[in-house]
Amino acid sequence: MGAFHRFVAVASLAIVLGTGCAAPNDIGTMIYVGDASVRDYQPRPALVTAVTPVDRARYPAVDVHCHWRPDTEPEAMLAAMDDRNVTRAVNLSGGWGADLDRMLDRYHGADPDRFVIFCNVDFSRIDEPDFGAAAAAELERGYRRGVGGLKIFKDLGLRIRDGSGRLVAVDDPRLDPIWAKCGELRIPVLIHSADPVAFFQPIDRHNERWMQLMRHPDWSFYDPSLPGREEVMAQRDRVMARHPKTNFIGAHVGGNAEDLAAASRVLEAHPNFFMDISGRVAELGRQPYAAREFLIEHQDRILFGTDRYPGRGDQPRYRLYFRFLETADEHFDYYDNSFPPAGDWRIYGVSLPDEVLKKIYHGNADRLLPVGPRTTE
């Protein structure tokens, strides 16, 4: 038999693969064996396994990692939350200034208890002498208006530059007033530092996310002019060590979903560090034994999140996340769209005990998110 060759046909590579101009959604796997080939290869497993639909979370859930636009209808979101047993949703894209005010007015006007809005930082002002103090003052203003926390995007440490052209490190001392103010106000910092391991590796035949990176080449950080993945996370860890009174939530299993032993070491070293599982069920579900042990061991430090929002129609995640957390189902898709958004594999449920589910779904978030009247006095 001839050699076995496998290629992934992506619209941007249509000419290279000899397929001509492809439609934007012409994405799939092409298999060659000798002279025979099959396009858009999607084998259906012959395994007979349990299929446990989970339409609603077993216990009330707080989604701590959402992103929605200001034109998203709050009434539709509330209906979707009721359907899924999601009691609160956290929008991490609140912005700052007038944009933040409009976000707060609209969603707190609809339901201040169920919609939690995190603000962001205007890093374009990083060169101003009073940047840190001004950003801290804006945080306090937002807090008085009902802001529930601060979100830091992955651009910090990898893309944001000051006026001199230098990258702004996560542990840049100009940012210390921001972290300190969050500790003073007792609001968490949800921080996304670095990205999957594959995003820092060459985009070649050994990269397990080749298909994803070819669709989104701007997601790659394989660039000698940028700090490495480990350095960015080390910067974050130094910030947490400098600000032990501030609670930090590491987005996406704290950047270590592929290495749960490393994730555990960070949690053990920093008592003020928590993690959400958003966007990483693909990673956790392909290592179910280690993932279950990790989630149980650190049950007081893990939070539920999806990186979507209730009612989002494309690429819905809630049923898949509930199934992963609550069942022992085997070998099922971690996605509900036309192609694998991360890697080409299937996942397994971890069937967490009820007491652990309660903490991950809502207990830990309830401890971290501020509630009640706002005052800084």
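The values are calculated or read from the model by the stated rules, or taken from the named source; none is laboratory data. Computed from a predicted structure; not experimentally measured. FYI the Cβ positions are ideal-geometry reconstructions off the backbone, even for glycines, and counts take in every protein chain you see.
Only one of the numbered conditions (1) in contact with a Leu (Cβ under 9 Å, 6 or more places away or on another chain); (2) over 30 Å from residue 29 (Cβ atoms); (3) of a type in the set (S, T, N, Q) is violated by residue 272, and that is (1).
Scan 205, 174 and give me the residue that is out of contact with any Lys or Arg (no Cβ under 7 Å at 6 or more places or on another chain), modelled with pLDDT of 95 or more and among the charged types (D, E, K, R).
Details: 205 fails: modelled with pLDDT of 95 or more.
Unique residue meeting the criteria: 174.
Within the range 308-330, one or more residues are closer than 20 Å to residue 88 by Cβ, basic (Lys, Arg) and without any contact (Cβ under 8 Å) to a residue 60 or more places away in the chain.
Given the criteria more than 21 Å from the chain's Cα centre (by Cα) and small (Gly, Ala, Ser), does residue 193 qualify? In short, no.
Can you tell me which residue in the range 46-87 is nearest to the chain's Cα centre (by Cα), limited to those that are surrounded by fewer than 19 Cβ atoms within 10 Å (Cβ to Cβ), among the charged types (D, E, K, R) and closer than 14 Å to residue 115 by Cα? Result: 69. Scanning the range 104-112 for any residue that is within 16 Å of residue 138 (Cα to Cα) and either crowded, with 18+ Cβ neighbours inside 10 Å or in contact with a strand residue (DSSP E or B) (Cβ under 9 Å, 6 or more places away or on another chain) (or both) turns up at least one such residue. Taken over the range 31-45, residues that are outside any loop (DSSP other than H, G, I, E, B) and either surrounded by 10 or more Cβ atoms within 10 Å (Cβ to Cβ) or among the hydroxyl-bearing types (Ser, Thr, Tyr) (or both) amount to 5.
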